[in-house]
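Below: one structure, written as structure tokens.
The values are calculated or read from the model by the stated rules, or taken from the named source; none is laboratory data. What you see is a predicted model; the values in this text were computed from it and never measured. Methodologically, a virtual Cβ is constructed for each residue, glycine included, from the backbone with ideal geometry; neighbour enumeration extends over all protein chains shown.
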Amino acid sequence: MPMQQVQAGPLLDKIRIPADLRKLNEDQLKQVTDELRQYIIDIVSVNGGHFGASLGVVEMTVALHYVFNTPVDQLVWDVGHQAYGHKILTGRRDVFHTNRIYKGISGFPKRSESEYDSFGVGHSSTSISAALGMAVASRLKGDKKRQHIAVIGDGAMTAGLAFEGLNHGGVEDSNLLVILNDNCMSIDPNVGALKEYLTDITTSGTYNRVKDEVWKMLGVISKFGPNAQAIAQKVEGAVKSALLKQSNMFESLKFRYFGPIDGHDVNHMVKVLNDLKKIPGPKILHCLTVKGKGYELAEKDQTKWHAPGLFDKITGEIVKPVVEKPQPPKYQDVFGHTIVELAEMNNKIVGVTPAMPSGCSLNIMMKAMPHRAFDVGIAEQHAVTFSAGMATQGMIPFCNIYSSFMQRAYDQVVHDVALQNLHVIFCLDRGGLAGADGPTHHGAFDLAFFRCIPNMVVSAPMNEQELRNLMYTATHPGMGPFSIRYPRGNGVMVDWKKPFEAIPVGKGRKIRGGEKVAILTIGHPGNFAVEACDKLAEEGLYPAHYDMRFVKPLDTALLHEIFSEFKHIITVEDGCIQGGFGSAVAEFMIDHHYSAQITRLGIPDQWIEHGEQKELYRECGFDAQAIMEAVREIQNVELGMQNSPVSIR
Ligand SMILES: Cc1ncc(C[n+]2csc(CCOP(=O)(O)OP(=O)(O)O)c2C)c(N)n1
């Protein structure tokens with residue numbers, strides 16, 4: 001894995017923390033932004049990570065740290081994928097080359113990493129609520145000076161949670177500034193009515209006139225210094241009536257709306273932020289920025305450059321691994337192509353994604369069948385209930401949500417889908433350890449949190465063909481809620497496009513027979529067990545291996561067979577051990593009065609940091625090597641003592 005440090009420009013080199021930045025003159029800030037942008041390009045091109053979003057907020061980042069007294073003032077980044085500039089300016093330049101690398105710094109703000117990271121993020125749309133909570137806490141403590149700033153993108157603003165924060169924030173008399181970073185982009189182009197509204201107010205003549213008025217008045221405020229508040233209130237009355245004519249959404253929610261302004265003019269931003277600092281109460285500053293700003297290719301193809309991987313910073317060529325033979329596809333692409341095939345056979349099938357068309361490959365269907373595939377914005381809860389509504393009308397929605405983002409829509413799955421036994425198919429991408437994005441993005445919990453819901457089918461394919469067949473099976477009439485989870489990354493079959501075959505719900509399969517030990521796997525880690533069994537055979541050890549396919553319903557016939565034959569069971573899952581697949585097997589054993597030793601391998605009861613997936617599988621102890629060790633250990637104990645007690649690990 002590359003880990004390269006680069007040389008900072010002369011001004012940036014002097015900035016270790018924001019206090020150093022604040023010593024500079026305003027006319028030096030433009031140079032700081034140039035050097036910061038170059039630094040991000042230099043590092044991300046050789047170390048990877050998110051790219052376009054951080055380039056788009058370089059000026060905003062410098063202006064915010066220049067004007068506000070961070071870390072006393074609380075700066076909350078939404079999602080946090082755009083906070084690279086913030087990290088570099090806040091004491092982490094020297095370790096920034098370890099960004100997202102195993103044991104290195106996190107790709108997202110993290111409270112345990114820096115006092116400048118006021119709130120841990122990774123999932124979107126939390127910033128307004130979090131900053132409001134901080135602002136109200138400051139008020140309750142009698143601290144009137146402290147500022148609280150939420151920086152939120154126009155994509156993140158589409159989530160219900162952001163609106164919940166605005167709705168509450170408008171009636172709390174607190175020092176809250178929301179900065180709306182409007183670049184018209186989510187990862188893919190932003191969608192929905194809000195996006196159109198923001199474009200309208202950006203281009204509206206009335207608005208721009210009103211805006212000019214506001215800035216003129218703010219000029220007066222700056223001049224009047226301490227009396228600014230009183231003047232602002234006078235100004236407000238006049239300006240507000242004009243604004244309300246246009247019926248400004250944010251003003252209706254009792255936020256004072258300012259902007260839109262050019263988010264790439266660092267000196268203007270400094271002036272505006274200095275003015276806003278003097279105005280109490282909830283405020284929103286609408287900034288227009290360009291995702292990927294300053295790197296031409298990233299400005300042109302913003303989706304591709306959201307997180308491009310390694311690239312040649314001069315030519316812009318993205319580094320592709322050199323492979324000699326054809327590689328298996330990504331699971332997400334198998335989903336993307338298969339849903340189109342199924343939808344061609346059945347006109348009831350539709351696809352739904354909350355803002356991840358390219359991330360989950362529903363963009364393949366959006367292109368092939370634009371009227372039957374829906375990007376609903378960053379709105380997981382809505383995606384689920386919207387799917388439920390369609391299911392009541394006989395449609396068959398495939399609702400594709402990353403496992404970790406599904407956490408946000410749990411009640412919708414329980415209350416809107418499962419309780420009504422509606423036929424919604426959940427495809428959970430990024431099920432299991434997600435890699436460099438780290439704990440905010442690991443899909444650790446879905447097997448556990450879905451298996452306790454009545455009516456739910458909980459399945460996980462071991463390879464591409466199984467994924468296709470599970471998707472096909474899930475569309476059959478008479479089904480209820482059906483979840484299919486698969487990991488980030490590639491499968492194992494080059495030749496994967498086989499004819500569909502239905503899989504009986506709740507039926508597992510024996511991969512190989514064996515003796516003494518039975519390895520029971522769910523999903524992709526079944527391949528780790530195959531590798532382990534092949535290697536163990538060379539040592540003269542022959543465990544049996546079963547791919548259970550379903551965590552719910554469990555294949556009870558197969559389990560009766562297994563528990564009758566084996567006294568040692570190893571379960572393997574890319575999910576939390578607590579309450580997951582292994583727990584389901586242990587419950588089966590208890591309920592049916594079998595006695596066996598069960599060793600459960602999976603994600604332990606702790607937060608797993610970022611790193612490459614294989615590094616994390618190793619750390620958690622459920623890769624091929626760990627399975628081999630578990631088998632050997634059982635074998636050694638067997639040899640050592642004949643009557644080992646019943647236990648569950
Ligand atoms: C709850 C949740 N859903 C989906 C995502 C995946 N995601 C990460 S960034 C992003 C787009 C954010 O767009 P925006 O807020 O406009 O910020 P920008 O990237 O444009 O700066 C999405 C959908 C997420 N992080 N959290």
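Within region 297-322, work out how many residues are farther than 26 Å from Asp200 by Cα and within 29 Å of the chain's Cα centre (by Cα).
Of all residues in region 297-322, those farther than 26 Å from Asp200 by Cα come to 297, 304-305, 307-322.
Checking which are within 29 Å of the chain's Cα centre (by Cα) leaves us with 297, 304-305, 307-313, 316-322.
So the answer is 17.
What number of residues within region 112-159 are β-branched (Val, Ile, Thr), outside any helix (DSSP H, G or I) and away from the ligand (no atom under 16 Å from the Cβ)? Before you say what the answer is, go through the steps one by one.
Initially, region 112-159 is screened for residues β-branched (Val, Ile, Thr), giving 121, 126, 128, 136, 149, 151-152, 158.
From the residues that got through so far, the ones that are outside any helix (DSSP H, G or I) too are 121, 126, 149, 151-152.
Then keep just the ones that are away from the ligand (no atom under 16 Å from the Cβ); that gives none.
The total comes to 0.
Considering His371, His382, which residue is within 15 Å of the ligand (Cβ to nearest atom), surrounded by fewer than 21 Cβ atoms within 10 Å (Cβ to Cβ) and modelled with pLDDT of 95 or more? Give the steps one after another, and end with the answer.
Values: His371 fails: within 15 Å of the ligand (Cβ to nearest atom).
None of the other options fit; the residue is His382.
Do you know which residues across region 531-546 are surrounded by fewer than 16 Cβ atoms within 10 Å (Cβ to Cβ) and not in a loop (DSSP other than H, G, I, E, B)?
Glu531, Asp534, Lys535, Ala537, Glu538
Go through region 68-85 and give me each residue that's more than 11 Å from Ile149 (Cβ to Cβ), more than 16 Å from the ligand (Cβ to nearest atom) and either without any contact (Cβ under 8 Å) to a residue 24 or more places away in the chain or in contact with a Ser or Thr (Cβ under 9 Å, 6 or more places away or on another chain) (or both).
Within region 68-85, just Pro71 meets the criteria.
On the given criteria, is Asn421 more than 15 Å from the ligand (Cβ to nearest atom), polar (S, T, N, Q) and either under 21 Å from Asn490 (Cβ atoms) or in contact (Cβ under 8 Å) with a residue 60 or more places away in the chain (or both)? Walk me through how you get there before you give the answer.
Values: more than 15 Å from the ligand (Cβ to nearest atom): yes; polar (S, T, N, Q): yes; either under 21 Å from Asn490 (Cβ atoms) or in contact (Cβ under 8 Å) with a residue 60 or more places away in the chain (or both): yes.
It is true that Asn421 is more than 15 Å from the ligand (Cβ to nearest atom), polar (S, T, N, Q) and either under 21 Å from Asn490 (Cβ atoms) or in contact (Cβ under 8 Å) with a residue 60 or more places away in the chain (or both).
Only one of (1) farther than 17 Å from Leu21 by Cβ; (2) without any contact (Cβ under 8 Å) to a residue 60 or more places away in the chain; (3) of a type in the set (A, V, I, L, M, F, W, C); (4) within 16 Å of the ligand (Cβ to nearest atom) fails for Ile40. Which number is that?
Condition not satisfied by Ile40: (1).
Select from region 121-144 the residues that are free of Cβ contacts under 8 Å to residues at least 12 places away in the same chain and of a type outside the set (A, V, I, L, M, F, W, C) and list them in ascending order. Full working, then the answer.
First pass over region 121-144, keeping only residues free of Cβ contacts under 8 Å to residues at least 12 places away in the same chain: 133, 137, 140-143.
Of everything in region 121-144, those that are free of Cβ contacts under 8 Å to residues at least 12 places away in the same chain and of a type outside the set (A, V, I, L, M, F, W, C) turn out to be Gly133, Lys141, Gly142, Asp143.
Filter region 332-350 down to residues that are farther than 22 Å from Lys304 by Cα and crowded, with 24+ Cβ neighbours inside 10 Å and give me whichever is nearest to the ligand (Cβ to nearest atom).
Quick first cut of region 332-350, residues farther than 22 Å from Lys304 by Cα only: 338-350.
Next, only the ones that are crowded, with 24+ Cβ neighbours inside 10 Å stay: 338-339.
Working: Thr338: 23, Ile339: 20 Å.
Applying the filter and picking the extreme gives Ile339.
Yes or no: region 86-101 includes at least one residue that is on the phi < 0 side of the Ramachandran plot, touching a residue at least 24 places away in the same chain (Cβ under 8 Å) and in contact with a strand residue (DSSP E or B) (Cβ under 9 Å, 6 or more places away or on another chain).
Yes, region 86-101 has at least one match.
Would you confirm whether any residue within region 272-279 is modelled with pLDDT under 95 and assigned to a loop (DSSP other than H, G, I, E, B)?
Yes.
Sort out which residues of region 167-183 are of a type outside the set (D, E, K, R) and under 22 Å from the mean Cα position of the chain (by Cα), and write them in order of number. Let's see the steps before the verdict.
Of all residues in region 167-183, those of a type outside the set (D, E, K, R) come to 167-171, 174-181, 183.
The answer is Val178, Ile179, Leu180, Asn181, Asn183.
Looking at region 359-388, I want the residues that are over 18 Å from Gly192 (Cα atoms) and have a partner that is within 15 Å of the ligand (Cβ to nearest atom) with Cβ atoms under 6 Å, at least 6 apart or on another chain. Which pairs are those?
From residues that are over 18 Å from Gly192 (Cα atoms), the pairs are Cys360/Gln332; Cys360/Thr353; Cys360/Asn400; Cys360/Asp429; Ser361/Gln332.
State whether the residues of region 54-67 include one that is surrounded by fewer than 24 Cβ atoms within 10 Å (Cβ to Cβ), assigned to a loop (DSSP other than H, G, I, E, B) and either β-branched (Val, Ile, Thr) or more than 16 Å from the ligand (Cβ to nearest atom) (or both).
No: region 54-67 contains no residue that is surrounded by fewer than 24 Cβ atoms within 10 Å (Cβ to Cβ), assigned to a loop (DSSP other than H, G, I, E, B) and either β-branched (Val, Ile, Thr) or more than 16 Å from the ligand (Cβ to nearest atom) (or both).
Count, please, the residues in region 278-287 that happen to be more than 32 Å from the chain's Cα centre (by Cα) and charged (D, E, K, R).
Initial filter on region 278-287 (more than 32 Å from the chain's Cα centre (by Cα)): 278-280.
Narrowing further to those that are charged (D, E, K, R): 278.
Looking only at that region, the number is 1.
Looking only at strands (runs of 3 or more DSSP E) that fall completely inside region 446-530, which ones have 3 or more residues that are of a type outside the set (D, E, K, R), out of contact with any Ser or Thr (no Cβ under 9 Å at 6 or more places or on another chain) and crowded, with 21+ Cβ neighbours inside 10 Å? Talk me through it step by step, then tell me what you get.
Values: elements: 457-459, 482-485, 509-512, 517-521.
Hits in region 446-530: none.
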